[in-house]
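Structure record follows, encoded as structure tokens.
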Amino acid sequence: MQVDYIIVGLGLAGLAFTRELESHKKSYIVFENNSQNSSIVAGGMYNPVILKRFTPVWNADVQLDIALPFYDELEKEFINKYHYKVDIYRVFKSVEEQNNWFVASDKPMLSKFMDSKIVQEKHEGIIADYGYGKLKNTGRIDTKRLLNDYREYLTNKNLLKTETFNYSNLEVNVENVKYGEVNASKVIFCEGFGLKKNPFFNNLPMQEAKGELLIIHAPNLNVDFLIKAAVFVLPLGNNYYKVGATFNWKDKTKLPTEKGKQELTKKLESFITVPYKIVEQIAGIRPTVKDRRPLVGKHSIHKNLAILNGLGTRGVMIAPMAAKALYNHLEYETALDEEIAIDRFY
Ligand SMILES: Cc1cc2nc3c(=O)[nH]c(=O)nc-3n(C[C@H](O)[C@H](O)[C@H](O)COP(=O)(O)OP(=O)(O)OC[C@H]3O[C@@H](n4cnc5c(N)ncnc54)[C@H](O)[C@@H]3O)c2cc1C
């Protein structure tokens, strides 16, 4: 079998890169072993404002300009719903926070997203003595549904191999690579935290962070916006909500834990007073990098091996932009932005 590209990993990074290949009519084959599930469990939110400090997310404008049409296009093609507009209500803890919000909402990049008015409306079951700051033009991508559909699509086209990519079986030559019966021009590694097992790139400084989430049913919590306080409460419809997330830099498994559950319920009950039932607990490992920027680029010696990783806590926004940058770099030698190029670590 002869293809232009082998892709290892089908989370948001792998999906974004294969879309780039399809739009340029390149052939490819994907390997996916279900060892990681960050993209599947993710909250799926896109939000260009850091809610702790009320500052803009790095490069958010550029990322959103590419990401939103990217997901809307997928919706049209697969005739399914993935993109939900969801406002975010940030619960204030003090008058000082209200003032900081007000000042930030006047800044050029932020005014499009931050409503300068302090929201004082009351909502049953939510403690918000100082009101809320409202973020608009934010939303959620149903990454689980999207990836399910995409896997099915690739399976039907015979482009997905549900197996582990075994690095020691890869033969790397100057002009091409060979993996079993597959001959390809290039390999793109998109393994998320699976990067740790990749002998070509595991020297890069990933500082992965496990995250746990709960799915709850709260029949009396009638909100259609995301509430952000000690944790976020994200509406999924029919009174189901995703609650999250924890950050754990020690535990390297994707298994939900009792400790994670306790932490989430304690934080949830600090601002939600209505009854709720936990229906599911999920966990995954965020592929976060030391400097909180993606890992994009070619191997320092083997120029036909490349990486698309390090999407950290914001894969929904970053993946389409980073995939485009990598494709242009590989096919047209367009320079990568210094902030995302892995050269910064060589
Ligand atoms: C709890 C939690 C909440 C989050 N919430 C949000 C959010 O609200 N918004 C947001 O933008 N981001 C969020 N994220 C972050 C987001 O999930 C990540 O940035 C993104 O999903 C990473 O995508 P990826 O494709 O790089 O990695 P992954 O999703 O981990 O995908 C890597 C894929 O590679 C496969 N793989 C690995 N090794 C091999 C191998 N050797 N052979 C074959 N296949 C292999 C794995 O099985 C996996 O499917 C959250 C993450 C977590 C854990």
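Are any of the residues in segment 312-329 hydrophobic (A, V, I, L, M, F, W, C) and closer than 14 Å to residue 204 by Cβ?
Within segment 312-329, not a single residue is hydrophobic (A, V, I, L, M, F, W, C) and closer than 14 Å to residue 204 by Cβ.
Out of curiosity, is residue 263 within 25 Å of the chain's Cα centre (by Cα), of a type in the set (D, E, K, R) and closer than 26 Å to residue 89 by Cα?
yes
Here's a check for you: in segment 13-36, which residue that is assigned to a helix (DSSP H, G or I), in contact (Cβ under 8 Å) with a residue 24 or more places away in the chain and not aromatic (Phe, Trp, Tyr) is surrounded by the most Cβ atoms within 10 Å (Cβ to Cβ)?
Applying the filter and picking the extreme gives 13.
Suppose the filter is at pLDDT below 95 and away from the ligand (no atom under 14 Å from the Cβ); does residue 181 pass it?
no
Where in segment 177-226 are there strands (runs of 3 or more DSSP E), lying fully within it, with 1 or more residues that are in contact with a Pro (Cβ under 8 Å, 6 or more places away or on another chain) and of a type outside the set (Gly, Ala, Ser)?
Where strands (runs of 3 or more DSSP E) fall fully within segment 177-226 and carry at least 1 residues being in contact with a Pro (Cβ under 8 Å, 6 or more places away or on another chain) and of a type outside the set (Gly, Ala, Ser), they are 209-217.
Going residue by residue through segment 220-228, is there one that turns out to be touching a helix residue (DSSP H, G or I) at 6+ places or on another chain (Cβ under 9 Å) and surrounded by 19 or more Cβ atoms within 10 Å (Cβ to Cβ)?
Looking for residues that are touching a helix residue (DSSP H, G or I) at 6+ places or on another chain (Cβ under 9 Å) and surrounded by 19 or more Cβ atoms within 10 Å (Cβ to Cβ), one finds none in segment 220-228, hence no.
Restricting the search to segment 279-330, which residues are more than 7 Å from the ligand (Cβ to nearest atom), more than 21 Å from residue 28 (Cα to Cα) and among the small types (Gly, Ala, Ser)?
300, 310, listed by residue number.
Within the bounds of segment 259-282, is there any residue that is within 19 Å of residue 38 (Cβ to Cβ) and in a loop (DSSP other than H, G, I, E, B)?
No.
Which of the following residues is surrounded by 14 or more Cβ atoms within 10 Å (Cβ to Cβ) and not assigned by TED's automatic domain parsing to the domain that holds residue 167: 255, 308, 268, 295?
268
The values are calculated or read from the model by the stated rules, or taken from the named source; none is laboratory data. Because the structure is predicted, anything quoted here is derived from the model rather than measured. All Cβ positions, glycine included, derive from the backbone under ideal geometry; neighbour counts span all protein chains shown.
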